[in-house]
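The values are calculated or read from the model by the stated rules, or taken from the named source; none is laboratory data. Keep in mind it's a predicted model, so treat the numbers as computed, not measured. FYI the Cβ positions are ideal-geometry reconstructions off the backbone, even for glycines, and counts take in every protein chain you see. These accessible areas exclude ligands, DNA and RNA; they are computed on the full protein's heavy atoms, side chains included. Shrake-Rupley method; radii C 1.70, N 1.55, O 1.52, S 1.80 Å.
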Amino acid sequence: MLQMKLCGDLVLRTKCDRVDNITPQLLSTLDEMVEMMREQNGVGLAAPQVGILSRFLVMMDPDSEVVYRMINPRIVSYGDQTCTLEEGCLSVLGNDGLPVFANVTRPSSVVVEWTDETGATQMAEMSGTPARIVQHETDHLDGKLFIDYLSPLRREMVMRKVKKRKQA
């Protein structure tokens, strides 16, 4: 059974290794991550969030409810326009046990390439919410959290909420 890693766990700050082989265990883990993401009302979950230092993630387009299982995802290009929206993370929780949110500016569109569960290479241009989700989740694979995009003052405000949870 997978367990969610929370802000402060060093696994969330570690760059993940490439996946060389698609194994039955990997496929089972991807399925379990999809279930976990849905149970927690999330739209994405990356391997380090469940303590696995490998480059894979799951995400869902909230509009179409299409679920992507991405192995070795790589953002090939970023759009020129940016957008600032609220982001939260299942690994960055406040004292109420819910994700802490903050405004983050990211490119509005991306082109992403990944390997699917069958070993086939996929490529898609994503914009809007799916583009934001895939950027957030691929950041996890590089040991980066959404709070890294915040000003020092705003990051400190978010971290105060997280620290209250740890002390509770």
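Consider the stretch 57-72. How many of its residues are buried (at least 22 other Cβ atoms within 10 Å of the Cβ) and of a type outside the set (A, V, I, L, M)?
Within the stretch 57-72, residues that are buried (at least 22 other Cβ atoms within 10 Å of the Cβ) and of a type outside the set (A, V, I, L, M) number 1.
For the stretch 16-52, which residues satisfy the criterion of being basic (Lys, Arg) and closer than 15 Å to ILE71 by Cα? Even if it seems obvious, please write down each step before you answer.
Of the stretch 16-52, the ones basic (Lys, Arg) are 18, 38.
The one that is basic (Lys, Arg) and closer than 15 Å to ILE71 by Cα: ARG18.
Every residue in the stretch 3-31 that is within 28 Å of ASN95 (Cα to Cα), outside any loop (DSSP other than H, G, I, E, B) and more than 15 Å from the chain's Cα centre (by Cα), please.
So the first thing to find is which residues in the stretch 3-31 are within 28 Å of ASN95 (Cα to Cα), and the list is 3-15.
Then drop every residue that is not outside any loop (DSSP other than H, G, I, E, B), which leaves 10-13.
Listed by number, the list holds a single entry, LEU10.
Looking at the stretch 1-25, which of the residues that are in contact with a strand residue (DSSP E or B) (Cβ under 7 Å, 6 or more places away or on another chain) and in contact (Cβ under 8 Å) with a residue 40 or more places away in the chain is surrounded by the fewest Cβ atoms within 10 Å (Cβ to Cβ)? Outline the logic, then answer.
Let us first name the residues in the stretch 1-25 that are in contact with a strand residue (DSSP E or B) (Cβ under 7 Å, 6 or more places away or on another chain), namely 6-7, 16-19, 22.
With in contact (Cβ under 8 Å) with a residue 40 or more places away in the chain added as a condition, the list becomes 6-7, 16, 18-19, 22.
On the way: LEU6: 16, CYS7: 19, CYS16: 21, ARG18: 11, VAL19: 16, ILE22: 16.
By that ranking, first place goes to ARG18.
From LEU98, LEU93, LEU85, grab the single residue that is closer than 22 Å to ASP148 by Cβ, touching a residue at least 40 places away in the same chain (Cβ under 8 Å) and surrounded by fewer than 17 Cβ atoms within 10 Å (Cβ to Cβ).
Numbers: LEU98 fails: touching a residue at least 40 places away in the same chain (Cβ under 8 Å); LEU93 fails: surrounded by fewer than 17 Cβ atoms within 10 Å (Cβ to Cβ).
Result: LEU85 is the single residue among LEU98, LEU93, LEU85 that is closer than 22 Å to ASP148 by Cβ, touching a residue at least 40 places away in the same chain (Cβ under 8 Å) and surrounded by fewer than 17 Cβ atoms within 10 Å (Cβ to Cβ).
Does the stretch 39-53 hold any residues that are under 21 Å from ALA124 (Cβ atoms) and either open to solvent by less than 30 Å² (accessible area, probe 1.4 Å) or assigned to a helix (DSSP H, G or I) (or both), and which are they? Spell out how you get there, then give the answer.
First, the residues of the stretch 39-53 that are under 21 Å from ALA124 (Cβ atoms): 42-47.
Result: GLY42, GLY44, LEU45, ALA46, ALA47.
Among the residues of the stretch 39-68, count how many are of a type outside the set (A, V, I, L, M), farther than 19 Å from GLU113 by Cα and touching a residue at least 24 places away in the same chain (Cβ under 8 Å). Spell out the reasoning first.
Step one: list which residues in the stretch 39-68 are of a type outside the set (A, V, I, L, M), which gives 39-42, 44, 48-49, 51, 54-56, 61-65, 68.
Applying the additional criterion that residues be farther than 19 Å from GLU113 by Cα yields 39-42, 48-49, 51, 62-65.
Filter again for touching a residue at least 24 places away in the same chain (Cβ under 8 Å), leaving 40, 42, 48-49, 51, 62-63.
The qualifying residues number 7.
Looking at THR115, THR129, which is the one that is among the β-branched types (Val, Ile, Thr) and either without any contact (Cβ under 8 Å) to a residue 60 or more places away in the chain or closer than 20 Å to ILE147 by Cα (or both)? Spell out the reasoning first.
Working: THR115 fails: either without any contact (Cβ under 8 Å) to a residue 60 or more places away in the chain or closer than 20 Å to ILE147 by Cα (or both).
Within the list THR115, THR129, the selection yields THR129.
Kindly evaluate ASP142 against the criterion of being of a type in the set (Asp, Glu) and either open to solvent by 80 Å² or more (accessible area, probe 1.4 Å) or free of Cβ contacts under 8 Å to residues at least 40 places away in the same chain (or both). Spell out how you get there, then give the answer.
Details: of a type in the set (Asp, Glu): yes; either open to solvent by 80 Å² or more (accessible area, probe 1.4 Å) or free of Cβ contacts under 8 Å to residues at least 40 places away in the same chain (or both): no.
No, not satisfied.
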